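The values are calculated or read from the model by the stated rules, or taken from the named source; none is laboratory data. For clarity, every value in this text was computed on a predicted model and none was experimentally measured. Reconstructed Cβ throughout: ideal geometry from the backbone, glycine too, with neighbour counts over all protein chains shown.
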Amino acid sequence: MHRVLLAIAMILPLLATDALARQAQPASLFLSSLGVNTHNDQGYNASPYVAMLRYTGIRAVRDGGRNLLNLIRLHQQTGALFNIYTGCDVRRTLDAARALAHANALLSVEGPNEPNNFPISFNGQKGGGNAGSWLPVANCQAALYAGVKRDATLKNYPVFHVSEGGAEVDNVGMQFLAVPQGANIKVADGTKFADYANPHNFVSGHVGDYIDNMPWSAADPILNGPWDGLYAEYGRTWRGGFLGYSQAELQTLPRVTTETGWDSRSDKGGETVQAKILSNVYLAQFARGWRYTFIYQLVDAEGSVDNDGLYRKDHSPKPAADYIHALTTILADKGAIGTPGSLDYRIANQPGTVHDLLLQKANGTFALVIWGEQARGSNNITVQLGVKAATVRIYDISRGADPQQQLSNVQSLPLTISDHAVIIEMSR
């Protein structure tokens, strides 16, 4: 194989001259975007989470604000940072956020979780659901944002919006981060809600099958498809059809996903497909501009039929945990690169189901992640570099964290890509 690759590199030097300069992103930034949901807030034993978070390398955790000592212990033992959501007891949420911030364990503060499914009460008024007004939801979110931003300890931490705001029954502005002038809705112009939009664009969506490009489509900021994506929450709301941002504005709207997932029993493909889908979700979301992505959830829920965890109820890892472990181990970075460089490359014969993401580590090493989202079959592609790479290591996350090949002085790399990630690590 080594000789074949070198021969192709010698035969095809001219093809590499039309390679494009691609700007890398810091590997550390990608790694920090990986999140997961846990249930410490609901009283589950948090002790097993330590080994799970260490193994998967996941750095961001979403949970409620109760049982703070457990969250602080988790931070101390894993380095994880916490996004906490409110139940519309704003004062209690701010107190919890300050405690986490003082322990250097806070990532962000989030508004109410899915008020369409879990109606809230704020200042004695009920809101959310499928019939009543959402004005109390809007007032809660506005109060949370104002409380964070005027607090000396919390003011620099981001606020995530209400999730599933596209379900608002009356137009109270959940489709905006800040209500624009002349909006003519129930909330005053200029009311500020959040720093980041927050859909629950579950990759399983309303598809009912395992099809090509599911993660890539769910992450599309302007697609009006069978996912509760950014467009359906912030472009034109899916329940009431209220207008929000234009398609051009959605492309650059700051955004996070605080829940997405794939059930290893009720969704198609079992645990193996779940592993491929969820590792692809992290990559597609980051490549398409999502700052954080929280998979639902870390462990299959006890006493529930849900099997969407990265770990089974007995705390044994599913293949999804193994794939994510391989991904974070291969891309592990001890520092953060200040200004990432660029790499000249092109992918010949790249079909619409093959995607790429260029990362760079603090030591200057490039990591080109190429993943397939083809539900069946595979594609043969060729990565052509503008300049020969002195050393190339090729990893396949389905086979663990060790390199499958190591090559020298390579300018052209033929690869077969199917439904998961391959990582090409290059140094000049």
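Does residue 213 fit the bill of being over 22 Å from residue 129 (Cα atoms), surrounded by fewer than 16 Cβ atoms within 10 Å (Cβ to Cβ) and either over 21 Å from the mean Cα position of the chain (by Cα) or at pLDDT 95 or above (or both)? Before you say what the answer is, go through the steps one by one.
Numbers: over 22 Å from residue 129 (Cα atoms): yes; surrounded by fewer than 16 Cβ atoms within 10 Å (Cβ to Cβ): no; either over 21 Å from the mean Cα position of the chain (by Cα) or at pLDDT 95 or above (or both): yes.
Criteria not met by residue 213.
Being in contact (Cβ under 8 Å) with a residue 24 or more places away in the chain and assigned to a loop (DSSP other than H, G, I, E, B) is the filter here; which residues of region 151-166 pass it? Please lay out each step first, then the result.
Residues of region 151-166 that are in contact (Cβ under 8 Å) with a residue 24 or more places away in the chain, as a first pass: 151, 153-154, 157-166.
Listed by number, the residues that qualify are 151, 153, 154, 157, 158, 161, 162, 163, 164.
Which condition breaks for residue 88 when tested against (1) touching a Cys at 6+ places or on another chain (Cβ under 8 Å); (2) at negative phi; (3) not acidic (Asp, Glu)?
(2)
Regarding residue 79, is this residue within 25 Å of the chain's Cα centre (by Cα) and not acidic (Asp, Glu)?
The answer is yes for residue 79.
Restricting to region 52-110, and then to whatever is assigned to a helix (DSSP H, G or I) and in contact with a His (Cβ under 6 Å, 6 or more places away or on another chain), can you tell me which residue is surrounded by the most Cβ atoms within 10 Å (Cβ to Cβ)?
56
Which of the residues spanning region 239-257 are surrounded by fewer than 18 Cβ atoms within 10 Å (Cβ to Cβ), more than 19 Å from the chain's Cα centre (by Cα) and either over 20 Å from residue 128 (Cα atoms) or in contact (Cβ under 8 Å) with a residue 60 or more places away in the chain (or both)?
239, 240, 243, 246, 247, 248, 249
Can residue 165 be described as assigned by TED's automatic domain parsing to the domain that holds residue 258, at pLDDT 95 or above, of a type outside the set (Ser, Thr, Tyr) and on the phi > 0 side of the Ramachandran plot?
no
Checking the conditions here, which among 148, 172 is at pLDDT 95 or above, part of a loop (DSSP other than H, G, I, E, B) and crowded, with 23+ Cβ neighbours inside 10 Å?
The match here is 172.
Only residues that are in a loop (DSSP other than H, G, I, E, B), touching a residue at least 24 places away in the same chain (Cβ under 8 Å) and crowded, with 17+ Cβ neighbours inside 10 Å: list them for region 111-127, please. Lay out the reasoning, then the answer.
If we filter region 111-127 for residues that are in a loop (DSSP other than H, G, I, E, B), which is where we start, we get 111-119, 123-124.
Now drop any that are not touching a residue at least 24 places away in the same chain (Cβ under 8 Å), which leaves 111-117.
Those that are in a loop (DSSP other than H, G, I, E, B), touching a residue at least 24 places away in the same chain (Cβ under 8 Å) and crowded, with 17+ Cβ neighbours inside 10 Å: 111, 112, 113, 114, 115, 116.
So, residue 263, is that one without any contact (Cβ under 8 Å) to a residue 60 or more places away in the chain, out of contact with any strand residue (DSSP E or B) (no Cβ under 7 Å at 6 or more places or on another chain) and surrounded by 22 or more Cβ atoms within 10 Å (Cβ to Cβ) or not? Break it down into steps so the answer makes sense when it comes.
Values: without any contact (Cβ under 8 Å) to a residue 60 or more places away in the chain: yes; out of contact with any strand residue (DSSP E or B) (no Cβ under 7 Å at 6 or more places or on another chain): yes; surrounded by 22 or more Cβ atoms within 10 Å (Cβ to Cβ): no.
No: the conditions fail for residue 263.
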